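Just so it is clear, none of the values below were taken in a lab; they were calculated from the coordinates. Predicted, not measured: the structure shown is a model, and the values here were computed from it. Note that we place each Cβ from the backbone using ideal geometry, even for glycine, and neighbour counts take in every protein chain shown.
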């Protein structure tokens, strides 16, 4: 299988001193992919900025304009207690979303079979008209909308194993039966929105603080895999957050690299069985640099083994 790597160094321009979602995250990921030799096994593409027209598949023009107008000439601007813009943030966010869309289009065209997007800022907390939780645009939701415009794609699935619930993705697709959203997350934890939302195509998998990977695996087998079998998606998307790692400073779940290897292989195999192997994964959380880099290496290696 041909696997793409979509990224851009200008995603590092989005920066605020002392913030956990920092440029060093992307540097650590890219350095590990290079040092491990995995980058050499992938088709590397430098992302381009997404257009307003494509962003508007998911977000209203008012939201796009707010993000554009909030970027400061110097220093930083906070648009919620956790979410900021610096000079360069608009370009970084457009590149992050653009990478996910370009990866999706490349898979749909048959140029590649699957892809990983090494980008920042993350996206899964961005709701229809609200930036929050470090996220400005919902990168993967926009990509899913692009996929659904393809005549060969009727249903998609978005699987999210970040330590935080993907409230933004749920907000965008909560009434869209053609989009299955499965999210595992630390129970009673940020962002405290949509944690109890119930709909047949929204599968919430809360995990109490201290949970290790064994219960996560059981819940994926119990909740996600049957839902995927029922939904029969034509395209698989992964919101790959690695802040459920036991070494991560922001969460209290206790996953390790073997858990990321296992879940990646499960979802990769679902993609092969149901979606002709079509899969796009993108980086969400993960804030301990060593744990993040190792987890991404494990995730990408598992994709490449398919």
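What ranking of 272, 78 emerges when the number of other C-beta atoms within 10 Å of each C-beta is taken as an exposure proxy, fewest first?
78, 272
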Of the convex hull drawn through the C-alpha atoms of the chain, the volume per residue in Å³ is 109
Asserting the computed 222 nm helical MRE of the chain (DSSP H runs at least 4 long, -39500 (n - 2.57) per run, divided by residue count, to nearest 500) equals -11500 deg cm²/dmol
Counted neighbours (other Cβ, 10 Å), sorted fewest up, put 94, 217 in the order 217, 94
Normalised Cα Rg of the stretch 1-109, dividing by 2.2 N^0.38 Å with N its residue count, works out at 1.17
Rounded to the angstrom and largest first, Cα extents along the principal axes for the stretch 38-182 equal 42, 39, 31
With 0.36 nm assigned to each residue of separation and the Cα-Cα distance removed, residue 53 to residue 304 gains 87.1 nm
Largest fluctuation, 102, 73, 284 only, Gaussian network model of the chain with Cα springs under 10 angstrom, belongs to 73
Among 131, 293, 65, the residue with the largest mean-square fluctuation in a Gaussian network model of the chain built from Cα contacts under 10 Å is 65
In whole percent, the Cα-Cα distances of the stretch 119-206 spread across 5 Å bins from 0 upward as 3, 16, 27, 26, 18, 7, 2, 0
Highest GNM mean-square fluctuation among 235, 197, 137, for the chain with Cα springs under 10 Å, belongs to 197
